[in-house]
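**Q** Have a look at the structure that comes next, please.
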Amino acid sequence: MSFTITDLEQLQTEHPEWQMELVEGKIVVMGPSDYESEEIGTRLSTFLNIWVMSRKLGRVTGSSAGFILPRIEKDDSEKRNLRAPDVSFVRADRLKKTKRDFVELVPDLIVEIKSKSDRIKPLEEKIQLFLQLGSVVGILIDPDKLTLTIYRLNQTPVVLENGDTLILPELLPGWELAVSELWPPEFE
């Protein structure tokens, strides 16, 4: 059985506590993130939002914002994917007004954060899908290795570690973030 976005919306009405994605006609129920992964996502969103909001550059969203991706044609059947990156950024000129619905576009930046139970390969595949559909940059954060991998279409991924600085000049000229700022602090 192949599901549609309408089917997913109906399921969300019946089960608002579920976070779901629609992937090639299949509804995928997402489990909650582990605490550390969610904190890393919140930290990144905060750092991005401070820069983006003060300059009116666009919109930063978290893991619940759904993006309806362009149609994928397979075996003469059209399927719509609805995906939700952990963190995303859309330039202001591409989404001038926010919507009270899923948006039908591909974000300029997507970030996936490896949760304790995630495997790397599906996260990389998700990032590659977004890049093929038009995202400019994809980032995979791996809290287990304390690394951040930057993906761009048809380029070799760049791995950053503590001591390195994340810059995204093609999207956020002048913005810099020390990779070490992403990791949750330890309080005494």
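The values are calculated or read from the model by the stated rules, or taken from the named source; none is laboratory data. In this text, all values refer to a predicted model and were calculated from it rather than measured experimentally. All Cβ positions, even for glycine, are placed from backbone atoms using ideal geometry, and neighbour counts span all protein chains on display. Accessible surface is based on the protein model in full, side chains and every heavy atom, while ligands, DNA and RNA are left aside. Shrake-Rupley method; radii C 1.70, N 1.55, O 1.52, S 1.80 Å.
So that you can scan it fast, the table gives a plain yes or no per residue for (1) crowded, with 18+ Cβ neighbours inside 10 Å; (2) modelled with pLDDT of 95 or more; (3) within 25 Å of F3 (Cα to Cα); (4) more than 15 Å from the chain's Cα centre (by Cα):
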{"site": "V60", "(1), (2), (3), (4)": "yes, yes, no, no"}
{"site": "S63", "(1), (2), (3), (4)": "yes, no, yes, no"}
{"site": "E78", "(1), (2), (3), (4)": "no, no, yes, yes"}
{"site": "A84", "(1), (2), (3), (4)": "yes, no, yes, no"}
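**Q** A further question on this structure: Of all residues in the stretch 1-23, how many are closer than 21 Å to R71 by Cα and under 18 Å from the mean Cα position of the chain (by Cα)?
**A** Residues of the stretch 1-23 closer than 21 Å to R71 by Cα: 1-10, 20-23.
Going one step further and asking which of them are under 18 Å from the mean Cα position of the chain (by Cα), we end up with 20-23.
So the count comes out to 4.
**Q** I've got another one for you. Among the residues in the stretch 93-102, are any in contact with a Ser or Thr (Cβ under 8 Å, 6 or more places away or on another chain) and modelled with pLDDT of 95 or more?
**A** no
**Q** Just name the residue that is nearest to the chain's Cα centre (by Cα) out of those in the stretch 129-164 that are farther than 20 Å from D108 by Cβ and of a type in the set (S, T, N, Q).
**A** The qualifying residue nearest to the chain's Cα centre (by Cα) is T147.
**Q** Can you find a residue in the stretch 38-52 that is over 15 Å from V111 (Cβ atoms) and touching a residue at least 60 places away in the same chain (Cβ under 8 Å)?
**A** No, the conditions are met nowhere in the stretch 38-52.
**Q** Next up: Looking only at residues that are over 15 Å from the mean Cα position of the chain (by Cα), open to solvent by less than 80 Å² (accessible area, probe 1.4 Å) and among the aliphatic types (A, V, I, L, M) in the stretch 24-43, which one is farthest from L146 (Cα to Cα)?
**A** I27
**Q** Still on this model: Looking at the stretch 149-165, which of its residues are free of Cβ contacts under 8 Å to residues at least 12 places away in the same chain and either closer than 21 Å to S117 by Cα or surrounded by 14 or more Cβ atoms within 10 Å (Cβ to Cβ) (or both)?
**A** T149
**Q** Out of L168, L146, which single residue is closer than 28 Å to S54 by Cβ, modelled with pLDDT of 95 or more and surrounded by 12 or more Cβ atoms within 10 Å (Cβ to Cβ)?
**A** Working: L146 fails: closer than 28 Å to S54 by Cβ.
Going through L168, L146 in turn, the sole match is L168.
**Q** Within the stretch 86-114, which residues are β-branched (V, I, T) and open to solvent by 50 Å² or more (accessible area, probe 1.4 Å)? Quick ask: steps written out before the conclusion?
**A** Just the residues of the stretch 86-114 that are β-branched (V, I, T), to begin with: 87, 90, 98, 103, 106, 110-111, 113.
Selection gives T98 alone.
**Q** Would you point out the residue of the stretch 91-117, among those that are in contact (Cβ under 8 Å) with a residue 40 or more places away in the chain and under 21 Å from W183 (Cα atoms), that is nearest to the chain's Cα centre (by Cα)?
**A** V111
**Q** Next up: When you go through S117, S180 one by one, which is the residue that is in contact with a Gly (Cβ under 9 Å, 6 or more places away or on another chain), open to solvent by 80 Å² or more (accessible area, probe 1.4 Å) and among the small types (G, A, S)?
**A** Values: S180 fails: open to solvent by 80 Å² or more (accessible area, probe 1.4 Å).
Answer to the selection: S117.
**Q** I'm checking my understanding of the structure. Among residues of the stretch 139-150 that are outside any loop (DSSP other than H, G, I, E, B) and out of contact with any Ser or Thr (no Cβ under 9 Å at 6 or more places or on another chain), which one is farthest from R71 (Cα to Cα)? Steps first, answer last, please.
**A** We begin by selecting, within the stretch 139-150, every residue outside any loop (DSSP other than H, G, I, E, B); these are 139-142, 147-150.
Among the residues that remain, those that are also out of contact with any Ser or Thr (no Cβ under 9 Å at 6 or more places or on another chain) are: 147-150.
Details: T147: 33, L148: 30, T149: 27, I150: 26 Å.
Filtering first and then ranking leaves T147.
**Q** Ok, one more. Quickly run through the stretch 163-188 and pick out the residues that are within 23 Å of S33 (Cα to Cα) and in a loop (DSSP other than H, G, I, E, B).
**A** W183, P184, P185, E186, F187
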